[in-house]
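Novice: This structure is in structure tokens; I'll ask about it shortly.
The values are calculated or read from the model by the stated rules, or taken from the named source; none is laboratory data. Here the structure is a predicted model, which is why all the values come from computation and not from measurement. Cβ placement follows ideal geometry from the backbone for every residue including glycine, while neighbour counts extend to all protein chains displayed.
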Amino acid sequence: MCMLSICADVKAQSDSIQKNDKPQFKIGAYYNSNLNYYGRTDSLRSSGFFPLAEFWLNEHFYINAAPIFVNNNVSSFEYAGTVATAGYRFNSNNKFTGNIYYVKPFYKNNSQLVQSALKGQVAAIFTLLNKYLNISAGGDIKFSDKTDYGATAGIDHIFRYELPGSSVLVIDPSATVSAGTQQFTKTYYKQSSFLFFPGVEQTVTENVNNFKILSYEFSVPFIYAKEKWQILFTPAYVIPENLIVVAGRPDLSERGKKLFYITAGAKLIFK
């Protein structure tokens, strides 16, 4: 899961089982066993804990904020920054849904999170609902020192079970592919020659801007809801693609490999 939008993703999954057109305040706390950004990780393979506070004006407009605390072999429960989100969600007769949102991160200057260079992200995702298979597609614009563009597509199928005691269990197996631009500097050596004169080796540096697949991800969210409480557990497996590798500079290269992680947490709704 892309850590930048994890709050929006958790919220979208859990709130899909309840609707209310009145103002609501919600608080939650979540744990992520392996923080990653399209499968990219820091060198310490950090886990994270983030409390989440949300305010819904109605079932469409919302704002939320989540401070992120990082755990690894070097740091224990270190504050890395806060991610705030404002958005609009809609559902058209249970046939078509959408989520349009803006994410503003406030990371510490020395944050070790892979995505800490990002200054903002605007995104939209739309889903065509079907009793057999839901199909989603979306895009985003990421702002940092440069501007990057992303796209995502996915499929899922929702299983909903009404349980005793007015409780509900939702299971939503999903598969997602993410793509986007990657901007980096490429340096190489070029041999030049003229007529019969010996060649001269020159160092050439150029800026590269590629749009490529960034990751494939498979997840199975489990969401249990009873009265004002929701409990979420999501195992996921991510496969990063097209990692940027700078020859001789591992410090400038992206780290990432296939990894399994979980997101788990609970939420309390004040009506």
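Novice: Go through (1) in a loop (DSSP other than H, G, I, E, B); (2) among the charged types (D, E, K, R); (3) surrounded by 14 or more Cβ atoms within 10 Å (Cβ to Cβ) for Lys131 and report which single condition fails.
Specialist: Against the list (1) in a loop (DSSP other than H, G, I, E, B); (2) among the charged types (D, E, K, R); (3) surrounded by 14 or more Cβ atoms within 10 Å (Cβ to Cβ), Lys131 comes up short only on (3).
Novice: Additional query: So Leu44 passes all but one of these: (1) over 17 Å from the mean Cα position of the chain (by Cα); (2) assigned to a loop (DSSP other than H, G, I, E, B); (3) crowded, with 17+ Cβ neighbours inside 10 Å. Which condition number does it fail?
Specialist: Every condition holds for Leu44 apart from (3).
Novice: Over 21 Å from the mean Cα position of the chain (by Cα) and loosely packed, with under 13 Cβ neighbours inside 10 Å - does that describe any residue in segment 115-128?
Specialist: There is no residue in segment 115-128 that is over 21 Å from the mean Cα position of the chain (by Cα) and loosely packed, with under 13 Cβ neighbours inside 10 Å.
Novice: Please specify each residue of segment 231-248 satisfying the condition of being more than 14 Å from the chain's Cα centre (by Cα) and under 13 Å from Ile171 (Cα atoms).
Specialist: Ile231, Leu232, Phe233, Pro235
Novice: Another one. Scan segment 43-81 residue by residue and report those that are in contact (Cβ under 8 Å) with a residue 12 or more places away in the chain, among the acidic types (Asp, Glu) and in contact with a strand residue (DSSP E or B) (Cβ under 7 Å, 6 or more places away or on another chain).
Specialist: Correct list: Glu54 only.
Novice: Condition test on Val246, is it touching a strand residue (DSSP E or B) at 6+ places or on another chain (Cβ under 8 Å), among the aliphatic types (A, V, I, L, M) and at pLDDT 95 or above? Before you say what the answer is, go through the steps one by one.
Specialist: Numbers: touching a strand residue (DSSP E or B) at 6+ places or on another chain (Cβ under 8 Å): yes; among the aliphatic types (A, V, I, L, M): yes; at pLDDT 95 or above: no.
No.
Novice: Looking at Ile244, Ile269, Ile239, which one is out of contact with any helix residue (DSSP H, G or I) (no Cβ under 6 Å at 6 or more places or on another chain), aliphatic (A, V, I, L, M), surrounded by 15 or more Cβ atoms within 10 Å (Cβ to Cβ) and assigned to a loop (DSSP other than H, G, I, E, B)?
Specialist: Just one listed residue meets the conditions, Ile244.
Novice: How many of the residues making up segment 143-170 are touching a residue at least 40 places away in the same chain (Cβ under 8 Å) and within 16 Å of Tyr102 (Cβ to Cβ)?
Specialist: Looking only at that region, the number is 2.
Novice: Answer with yes or no whether Lys22 is modelled with pLDDT under 90, not in a helix (DSSP H, G or I) and not polar (S, T, N, Q).
Specialist: yes
Novice: Among the numbered criteria (1) under 24 Å from Phe260 (Cα atoms); (2) modelled with pLDDT under 95; (3) of a type in the set (Gly, Ala, Ser), which one does Gly120 miss?
Specialist: (1)
Novice: Another one. Does any residue of segment 217-229 turn out to be in contact with a Ser or Thr (Cβ under 8 Å, 6 or more places away or on another chain), surrounded by 15 or more Cβ atoms within 10 Å (Cβ to Cβ), over 25 Å from Leu169 (Cβ atoms) and in contact (Cβ under 8 Å) with a residue 24 or more places away in the chain?
Specialist: Taking every residue of segment 217-229 in turn, none turns out to be in contact with a Ser or Thr (Cβ under 8 Å, 6 or more places away or on another chain), surrounded by 15 or more Cβ atoms within 10 Å (Cβ to Cβ), over 25 Å from Leu169 (Cβ atoms) and in contact (Cβ under 8 Å) with a residue 24 or more places away in the chain.
Novice: Since Ser76 meets every condition but one in (1) at pLDDT 90 or above; (2) not in a strand (DSSP E or B), which condition does it not meet?
Specialist: The one condition Ser76 does not meet is (1).
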